[in-house]
Amino acid sequence: MSEQAVAAPKHEHDEHHEELGFWRKYIFSTDHKVIGIQYAVTGLLFLLFGFVLMMLMRWQLAYPGVALPLVGNLFGEARMPGGTMLPEFYNELGAMHGTIMVFLGVVPLAVGGFGNFVLPLQIGAPDMAFPKINMVSYWCLFLGGCTMLGSFLVPGGAAQSGWTSYAPLSVIAGTGQTWWLIGMIFLITSSLLGAVNFLTTTIQLRAKGLTFMRFPFFVWAQFVTSFLLLLAFPPLEAAGFMQLMDRVAGTSFFMPSGLVVSGQVLANAGGGNAVLWQHLFWFLAHPEVYVLILPAMGIVAEIIANNTRKPLWGYRSMVYALIFLGFMSFIVWAHHMFMTGMGTTMAAFFQTTTMIISIPSVVILTALIVSLWGGSIRFNTPMLFAVSFLPMFGIGGLTGLPLGLNISDIPLHDTYYVIAHFHYVVAPGTIFALFAGIYYWFPKITGRMMNEALGKIHFVGSFVCMNVVFMPMFIVGLAGVSRRLFDAGSAYDFAQGTMHWNAVSSWGAWIMGLFQIPFMFNFFWSIWNGEKAEGNVWQATTIEWSAPSPPPHGNFATAPQAYRGPYEYSVPGSDKDFTPQFEA
């Protein structure tokens, strides 16, 4: 690695650093820290918005056909006549909830927010490799988000074809679907620009002495995630453009011949293949699951090592498992498609790869659990969220195994069992890890601590309610109730015994919403009034804690250097229980 790759001393930056005006400093900034905060705040706002959409859906599922009190009439006669939800509006909420939570909530926060702010600091870099591309990446996300939100206002409402946008339904759907596709093209472009930047920054701007096996696990997680984004998103961007052409230019990439809609043969249908869309979509969307989970694993690993005061158990095994996980995520996508009638040979292949991909996940999870053994554990708020990630992700992973085998997937496909499985991975899994990361790096970002008491109230309420929301869905799903029914199956005899579970899930969701109020108050109050956190507040070993809090332009007073591995805690013979990477 050339000497130029070493982070420059602060005085060099000050020499060339002009004082920027408000717009260039906070809006169109090229500083990775400001861009990281922009991503994180945008992601949190969209998570809140997506959560509100879900709470509306939960009313309809708990009390189908009953008018929504207080706010039901605000949505207009076209969507909720007399406050009672129409199926079309339910489909809008379902499609946009999934899209917003995944592409505008978790990814911007996990990759854009934590990746942008923390990764350059952890590798001792003064900024990202391509600051202007970094800025464009955020504004592509912003435009994509605005397009998605704007689609609610067009005639016919937002997209109604699910977050997966399956053809041919999505090709003949209303105008909102066109807006959805344009929004997705912006969001994919944002992720591709970010991925190129993360890869280049990680390889080229490492501090002197920071070899790959001295990377914090979080850096490895973001590094592998960037490869997934770079390789998996282009097929979906191409597919999105093709579906857009099917809708606006009369092509038929995904439209089969002789398609009859409402008794009429469609004129533009000719020779396309609807299953091709599923292949292109899931070739992205399965790696996307790991884009959601790998940064979460990285955050949890940092916090567990720090709060057990001991090194991660099996660090190298975890890194190799991470790389293997990234590779395998590209050859399991068709397990989402057993219902399409693929042959037994292909089904056997994808079943086998799905069973194999569970192994590296178990390696990482086991290593994190074993890391707790014998530790002097500090149960602060970040640690509570990080430790709770382990069993929640475990439940999500284990319940996914039956869905990877076609004989059990076929009866379970598209039932609430699938919803429960996926949400255990990304809600009490990934989102708990993201909360842990917010509480952990908040003092680095703002120079102030978040309130511990409010943090613990937030944790306990969220942990209990998450399980109340999603555990009943396994029961409903095993009874065979489809996830697509806007009345939760109330029209079917076989679903009558599960209707009360929908009310349980809904009340869990609404109460969980109340438990986010302490977090929101804590977040904003602590920015200005939190206890001041100077220096290495968690007594951590990684390089970001050698920078001032919050870090200035250029990040470091002097170019940091890595002298050892990332988790030198409780070293025998040392006079303190942590030996930072950056201390000679």
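Keeping to the stretch 376-395, report how many residues are open to solvent by less than 20 Å² (accessible area, probe 1.4 Å) and aliphatic (A, V, I, L, M). Adding up the residues that qualify gives 4.
A single member of LEU121, LEU93, LEU86, LEU70 is without any contact (Cβ under 8 Å) to a residue 60 or more places away in the chain and either buried (at least 21 other Cβ atoms within 10 Å of the Cβ) or of a type in the set (Phe, Trp, Tyr) (or both), and it is LEU93.
Looking only at the stretch 524-569, residues that are among the β-branched types (Val, Ile, Thr) and either without any contact (Cβ under 8 Å) to a residue 12 or more places away in the chain or crowded, with 17+ Cβ neighbours inside 10 Å (or both) come to 4 in all. For the stretch 198-208, name all the residues that are outside any helix (DSSP H, G or I) and open to solvent by 30 Å² or more (accessible area, probe 1.4 Å). Answer for the stretch 198-208, where residues must be outside any helix (DSSP H, G or I) and open to solvent by 30 Å² or more (accessible area, probe 1.4 Å): LEU205, ARG206, LYS208.
Exactly one residue out of TRP139, TRP163 is open to solvent by 20 Å² or more (accessible area, probe 1.4 Å) and within 10 Å of GLU92 (Cα to Cα), and it is TRP163.
Looking only at the stretch 237-261, residues that are under 29 Å from the mean Cα position of the chain (by Cα) and open to solvent by less than 30 Å² (accessible area, probe 1.4 Å) come to 5 in all. Kindly check whether there is at least one residue in the stretch 539-549 that is of a type in the set (A, V, I, L, M), within 30 Å of LYS208 (Cα to Cα), touching a Lys or Arg at 6+ places or on another chain (Cβ under 6 Å) and in a loop (DSSP other than H, G, I, E, B). Looking for residues that are of a type in the set (A, V, I, L, M), within 30 Å of LYS208 (Cα to Cα), touching a Lys or Arg at 6+ places or on another chain (Cβ under 6 Å) and in a loop (DSSP other than H, G, I, E, B), one finds none in the stretch 539-549, hence no. The residues of the stretch 305-351 that are touching a strand residue (DSSP E or B) at 6+ places or on another chain (Cβ under 8 Å) and not in a helix (DSSP H, G or I), listed by number, are ARG309, LYS310, PRO311.
Hey, can you tell me all the residues within the stretch 404-418 that are in contact with a strand residue (DSSP E or B) (Cβ under 9 Å, 6 or more places away or on another chain) and open to solvent by 40 Å² or more (accessible area, probe 1.4 Å)?
Step one: filter the stretch 404-418 for residues in contact with a strand residue (DSSP E or B) (Cβ under 9 Å, 6 or more places away or on another chain), giving 414-416.
Listed by number, the list holds a single entry, ASP414.
Check every one of the helices (runs of 4 or more DSSP H) wholly within the stretch 353-439 and list those with 3 or more residues that are closer than 25 Å to VAL107 by Cβ and without any contact (Cβ under 8 Å) to a residue 60 or more places away in the chain. Don't jump to the end; show me each part of the working.
Values: elements: 381-400, 406-412, 416-425.
Those helices (runs of 4 or more DSSP H) span 381-400, 416-425.
The residues of the stretch 210-255 that are more than 24 Å from TYR315 (Cβ to Cβ) and polar (S, T, N, Q), listed by number, are GLN243, THR251, SER252.
Of the residues ALA503, ALA491, the single one that is small (Gly, Ala, Ser), surrounded by fewer than 20 Cβ atoms within 10 Å (Cβ to Cβ) and without any contact (Cβ under 8 Å) to a residue 24 or more places away in the chain is ALA491. Yes or no: PHE227 under 30 Å from the mean Cα position of the chain (by Cα), open to solvent by 50 Å² or more (accessible area, probe 1.4 Å) and farther than 30 Å from GLY298 by Cα? Against the criterion (under 30 Å from the mean Cα position of the chain (by Cα), open to solvent by 50 Å² or more (accessible area, probe 1.4 Å) and farther than 30 Å from GLY298 by Cα), PHE227 does not qualify.
Would you check if THR189 is modelled with pLDDT of 95 or more, under 17 Å from GLU288 (Cα atoms), of a type in the set (Ser, Thr, Tyr) and open to solvent by 30 Å² or more (accessible area, probe 1.4 Å)? Step through it out loud before you land on a result.
Numbers: modelled with pLDDT of 95 or more: yes; under 17 Å from GLU288 (Cα atoms): yes; of a type in the set (Ser, Thr, Tyr): yes; open to solvent by 30 Å² or more (accessible area, probe 1.4 Å): yes.
Yes: the conditions hold for THR189.
In the stretch 275-296, the residue that is farthest from GLY374 (Cα to Cα) out of those that are in contact with a Ser or Thr (Cβ under 9 Å, 6 or more places away or on another chain), aliphatic (A, V, I, L, M) and open to solvent by less than 20 Å² (accessible area, probe 1.4 Å) is ALA285. Here ALA274 meets each of (1) free of Cβ contacts under 8 Å to residues at least 40 places away in the same chain; (2) within 24 Å of TRP180 (Cα to Cα) with one exception, condition (1). Within the option set ALA267, ALA301, being open to solvent by 40 Å² or more (accessible area, probe 1.4 Å) and aliphatic (A, V, I, L, M) holds for one residue only, ALA267.
Listed here are the residues, each with its yes/no results for (1) at pLDDT 95 or above; (2) within 19 Å of the chain's Cα centre (by Cα); (3) under 30 Å from MET346 (Cβ atoms).
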| site | (1), (2), (3) |
| --- | --- |
| LEU403 | yes, no, yes |
| ASN406 | no, no, yes |
| TYR417 | yes, no, yes |
| HIS423 | yes, yes, yes |
| ALA433 | yes, yes, no |
| ILE438 | yes, yes, no |
| ARG448 | yes, no, no |
| GLY455 | yes, no, no |
| GLY461 | yes, no, no |
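Of all residues in the stretch 536-558, those satisfying the criterion of being in contact with a Phe, Trp or Tyr (Cβ under 6 Å, 6 or more places away or on another chain) and closer than 18 Å to THR308 by Cα are ASN536, GLN539, THR541.
Residues that are β-branched (Val, Ile, Thr): find the helices (runs of 4 or more DSSP H) completely inside the stretch 20-133 holding 2 or more of those. So that I can check it myself, show each step before the final result.
Numbers: elements: 32-62, 87-99, 114-122.
Once the helices (runs of 4 or more DSSP H) in the stretch 20-133 are filtered for at least 2 residues that are β-branched (Val, Ile, Thr), what remains is 32-62.
Within the stretch 550-564, track down each residue that is under 28 Å from ILE37 (Cα atoms) and assigned to a loop (DSSP other than H, G, I, E, B). Hits for the stretch 550-564 are PRO550, PRO551, PRO552, HIS553, GLY554, ASN555, PHE556, ALA557, THR558, ALA559, PRO560, ALA562.
The rows are residues; the columns are (1) in a helix (DSSP H, G or I); (2) touching a residue at least 40 places away in the same chain (Cβ under 8 Å); (3) surrounded by 14 or more Cβ atoms within 10 Å (Cβ to Cβ); (4) in contact with a strand residue (DSSP E or B) (Cβ under 9 Å, 6 or more places away or on another chain).
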residue: HIS458; (1), (2), (3), (4): yes, yes, yes, no
residue: PHE463; (1), (2), (3), (4): yes, yes, yes, no
residue: PHE474; (1), (2), (3), (4): yes, yes, yes, no
residue: PHE486; (1), (2), (3), (4): no, yes, yes, no
residue: GLN496; (1), (2), (3), (4): yes, no, no, no
residue: TRP507; (1), (2), (3), (4): yes, yes, yes, no
residue: PHE515; (1), (2), (3), (4): yes, yes, yes, no
residue: ASN522; (1), (2), (3), (4): yes, yes, yes, no
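The values are calculated or read from the model by the stated rules, or taken from the named source; none is laboratory data. This one's a predicted model, so the numbers in the text were calculated from it and none came from an experiment. FYI the Cβ positions are ideal-geometry reconstructions off the backbone, even for glycines, and counts take in every protein chain you see. To get the accessible areas, we keep the full protein, side chains included, count just its heavy atoms, and leave off ligands, DNA and RNA. Shrake-Rupley method; radii C 1.70, N 1.55, O 1.52, S 1.80 Å.
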